[in-house]
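Since every read-out is calculated from the coordinates, none of them should be taken as a lab result. Model, not experiment: these values are computed from the prediction. Don't worry about glycine lacking a Cβ; one is built from the backbone with ideal geometry, like all the others, and counts go over all protein chains shown.
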Amino acid sequence: MYKTISKLFLIFCFVMAGTTVLAYTNPIADAGPDQTITFQNSPNFTTTLHGKGYETNGGYLTYAWRCNGGYLSNPNIAEPIFTMPATTSKSTSYNCTLTVRSNFGLYDSDNVIINVYDNSASNFIVQTEPATNNFGGQATLHGRILSSNNNYNFGTTYVWFEWGTSTSYGKESNHKLMNSTGYFDQNIADLSTNTTYHFRAVSQLSNGQKYYGKDVTFYSNATNTNITLSATTNTPPTNPTNVSTGLTNNFLFDSFFLPLMIALFGIWLFQSKILSFAEWADSHKIKNKDYIASKKLKYKITKIKEKEKGVL
């Protein structure tokens, strides 16, 4: 019986050990730096996207590109050739997203912006500046309009910011009118604290041409301390998700040696307790039998004495 219980306990320990969570980190997607294409007479202009993927778990990756315009030579390779549409007739921008997926089912995405500039407005530049006052659920975004010949002659311009928790942005600030080169800014609120946000400056000329500044990130702090700004563009995520493997986060130790040690210790403890209990139970039974026998013997002696008295 004791051996059967021990085997069941051992099976239970190994079943519990089998529930150990494996530690896998998300792959990292890198869509490469933003690119600029100068619009020429032939609109069938091309550029190569320099995508990359990093897999630290020893598996393999698949690639998938998707653009909001233009054509890709092969959307399922790391570096396809992008061709802007033949209908392009003015400066614009295209956004291409690279998603890498591992054979473990984990994935990551990154964006690259392809700016197409019209020769007639090639001197016009919009620039994204670092954010300030990024604490307490709000921030101030900054941008700048430049002209390489220091002569703003592009007419009425509207400026604003696109922002969000990824390079897909999703939110826009108010559009402001601007009639000269210089700086502009916009306060935004209702931000989640302890969160990284992406934003970029945007401008649109009176002829409809749009220009985009580079992607810049900032970290929304809870209080006005340790404000960290980042002006890097298209940096891969630096905080992949980690899943704890257990006590030590050592996969081999937590998945095999630790459960084995627990199982062996449990078996030793269980058996020692059972054996001790059995010995105590046997001893208790013997004492109980001796006590009952003694009571019966005393009772019989009493009866015998009573009969002897009656005879006398």
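Odds and ends about this structure:
- Cβ crowding within 10 Å, taken as a proxy for footprinting-reagent exposure, orders His142, His50 from fewest neighbours to most as His50, His142.
- Each residue of the stretch 30-36 was assigned a 3J(HN,Hα) from its phi angle through the Karplus expression (A = 6.51, B = -1.76, C = 1.60, θ = phi - 60°), giving 9, 7, x, x, 4, 10, 10 Hz with x at Gly and Pro.
- When Cys67, Cys96 are arranged by Cβ crowding within 10 Å, least crowded first, meaning fewest neighbours, the order is Cys67, Cys96.
- At full extension, Thr302 and Asn76 could sit 71.1 nm farther apart than now, given 0.36 nm per residue minus the alpha carbon distance.
- Note on Asp190, Asp282: ascending count of other Cβ atoms within 10 Å places them as Asp190, Asp282, the fewest first.
- Zone of Asn68's modelled label, taken as backbone nitrogen in the stretch 201-218 under 18 Å from a point 7 Å along Cα→Cβ: 201-205, 208-217
- Counting only residues at least eight positions apart within a chain, or on another chain, the aspartates and glutamates with an alpha carbon under 20 Å from that of Lys210 are Asp34, Asp118, Glu129, Glu162, Glu172, Asp185.
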